[in-house]
Amino acid sequence: MITCSAPGKIFLFGEHAVVYGKTAIACAIDIRAHVTVEEVHVPAVQMKGPGGNVDLNQRKHPYIYAAVEKFRNLADLPPENPTSASGSGICIDIHSEIPVGSGLGSSSAVTIATLKSLDVFYGTHLSPDEIARFGHQVEEEVQGRASPTDTFVSTFGGLVRIPDRVKLDFFDAPIVIGNTRKFSSTRKLVSNVASLKERHPQVINQIMDTIGTIAETGVKYVTANDFTTVGELMNINQGLLDSIGVGSFELSELVYASRKAGALGSKITGAGGGGCMIALCEHKNLSRVAHSIKRAGGDSFICRTSNSGVRVE
Ligand code: MEV
């Protein structure tokens, strides 16, 4: 039996502007998706369900299904629909701490942890680069368009500058995550920003440039562990995200509640519209900020940035 886990991620700076080639900084967090692969004496690929094992269902588990399909060419997997086949198969079990559909990279973490578990189980010895690349392909197959950032951060962990995907010196920081519990579509938000940019190219291009400059400036302060300046830059970034229409009433409530409770900086993470915000805090303020976000109507939890990518448990 093999269990692997992979982390979720946040954007410290630069979401949306990164779509236009500007710099962004993403970071792994210490909430993870755990995937276990074990041998079963049925010639099928099964999922562990509450009432026992069931054959892997493409509709219910599209990322796992696509990850298993990726593996068919690499390993001796049991057939998709076993009829007369005999022998053994595998059962896959998932436990994820990452809220689904909230911009924290839950699908990437599950995909990467699945690929790594299959890799170890079948002894295929994929390199981390191959795992990240296959993970991105799985996400593209399921979602249509997918950014390689989430799968990269989930594979390698730590602090990553994008779009060039360079790992930076680790930024060890406590973060409070506030979740609006409102689903938002990344595709729709990216397309809304694109049409705003088409209507007002001179205005929006400058905003994108400035967001990129914030991220570039942020690299220096993040690597120096200067929390105060990182927080200040996060707040400026948040104002610009609002200006391109990816904020929402709920997100603003959580952002301002966290600042009122002492957060050094707070902003949307990911596509916005709904989903999550992050607050960078000093240790002494963590609980206060988390409570304040709850009082403002969000779910909140305290986590840390993490230098650990996908790993065998
Ligand atoms: C979404 O998590 C981040 C965006 O910048 C889109 C992307 O980078 O693909 C909004």
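Some values worked out for this structure:
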{"read-out": "Residues that are under 10 Å from ILE268 (Cα atoms) and of a type in the set (A, V, I, L, M), drawn from region 221-252", "value": "MET234, LEU241, VAL246, LEU251"}
{"read-out": "For THR3: the one exception among (1) more than 16 Å from the ligand (Cβ to nearest atom); (2) surrounded by 24 or more Cβ atoms within 10 Å (Cβ to Cβ)", "value": "(2)"}
{"read-out": "Filtered residues of region 130-159 (kept if without any contact (Cβ under 8 Å) to a residue 24 or more places away in the chain and charged (D, E, K, R))", "value": "GLU130, ARG133, GLU140"}
{"read-out": "Residues of region 171-209 classified as farther than 25 Å from GLY105 by Cβ and surrounded by fewer than 16 Cβ atoms within 10 Å (Cβ to Cβ), total", "value": "10"}
{"read-out": "Subset of region 99-140 [in contact with a strand residue (DSSP E or B) (Cβ under 8 Å, 6 or more places away or on another chain), within 15 Å of the ligand (Cβ to nearest atom) and of a type in the set (A, V, I, L, M)]", "value": "LEU104, ALA109"}
{"read-out": "PHE227, sole failed condition from (1) surrounded by fewer than 16 Cβ atoms within 10 Å (Cβ to Cβ); (2) farther than 27 Å from GLU139 by Cα; (3) touching a strand residue (DSSP E or B) at 6+ places or on another chain (Cβ under 9 Å)", "value": "(1)"}
{"read-out": "Out of VAL160, VAL230, VAL120, VAL153, sole residue that is in the same structural domain as ALA24 (by TED's automatic domain parsing), aliphatic (A, V, I, L, M) and in contact with a helix residue (DSSP H, G or I) (Cβ under 7 Å, 6 or more places away or on another chain)", "value": "VAL160"}
{"read-out": "Only one of SER306, SER292, SER258 that is crowded, with 20+ Cβ neighbours inside 10 Å, of a type in the set (S, T, N, Q) and under 30 Å from THR3 (Cβ atoms)", "value": "SER306"}
{"read-out": "Test: PHE183 is within 16 Å of the ligand (Cβ to nearest atom), touching a His at 6+ places or on another chain (Cβ under 8 Å) and either under 29 Å from LEU74 (Cα atoms) or not in a helix (DSSP H, G or I) (or both)", "value": "no"}
{"read-out": "Test: residue in region 125-139 that is outside any helix (DSSP H, G or I) and not hydroxyl-bearing (Ser, Thr, Tyr)", "value": "yes"}
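The values are calculated or read from the model by the stated rules, or taken from the named source; none is laboratory data. A quick note: this is a predicted structure, and the numbers were derived from the prediction, not measured. Neighbour counts are summed over all protein chains in view; Cβ atoms, including those assigned to glycine, are modelled from backbone coordinates with ideal geometry.
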